[in-house]
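Visitor: Have a look at this one.
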Amino acid sequence: MASDRKTVEFLVEQMAGGSTVSAKAMFGEFGIYCDGKMVALVCDDHLFVKPTVGGRAFAAGAEEAPPYPGAKPCLLIDAEKWDDREWLAEIVRITSQELPAPKVRTKRKSG
């Protein structure tokens, strides 16, 4: 079951809090990016935040579960937290700060 785009748009709006937050469709689900770093996934209308030391401490007690079969466990953010704009923006900010910068891909020469 794919996630509802309206759910993703709501989450992106809630997470923005001074950062550049966006979503990209990926295999029927969505990746959430903060300042160019993938910080979360929305799969089957569930929010999964990449686990970091600071994120785990901030979301103390959050369940960890894989967003899709074969994936590494992520912090599963309870839907009750989705209405707390400041809390969502903070966990995204913390996670983004702790994740490494994305690798720059170089274009391959054709031919």
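What follows draws every value from the coordinates through simple rules; no lab data is involved. Since we're looking at a predicted model, the values are computed, not measured. All Cβ positions, glycine included, derive from the backbone under ideal geometry; neighbour counts span all protein chains shown.
The rows are residues; the columns are (1) surrounded by 10 or more Cβ atoms within 10 Å (Cβ to Cβ); (2) in a helix (DSSP H, G or I); (3) touching a Pro at 6+ places or on another chain (Cβ under 7 Å); (4) touching a residue at least 24 places away in the same chain (Cβ under 8 Å).
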position	(1), (2), (3), (4)
67	yes, no, no, yes
75	yes, no, yes, yes
86	no, yes, no, yes
95	yes, yes, no, yes
103	no, no, no, no
110	no, no, no, no
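Visitor: Does the range 39-75 hold any residues that are over 16 Å from residue 12 (Cα atoms) and aliphatic (A, V, I, L, M), and which are they?
Guide: Those that are over 16 Å from residue 12 (Cα atoms) and aliphatic (A, V, I, L, M): 53, 57, 59, 60, 62, 65, 71, 75.
Visitor: Might you check whether a residue that is surrounded by 13 or more Cβ atoms within 10 Å (Cβ to Cβ) and within 24 Å of residue 6 (Cα to Cα) occurs anywhere in the range 52-61?
Guide: Checked against the condition, which is being surrounded by 13 or more Cβ atoms within 10 Å (Cβ to Cβ) and within 24 Å of residue 6 (Cα to Cα), the range 52-61 yields no hits at all.
Visitor: Please enumerate the residues belonging to the range 1-52 that are free of Cβ contacts under 8 Å to residues at least 60 places away in the same chain, assigned to a loop (DSSP other than H, G, I, E, B), in contact with a helix residue (DSSP H, G or I) (Cβ under 6 Å, 6 or more places away or on another chain) and over 17 Å from residue 100 (Cα atoms).
Guide: Passing the criteria: only 45.
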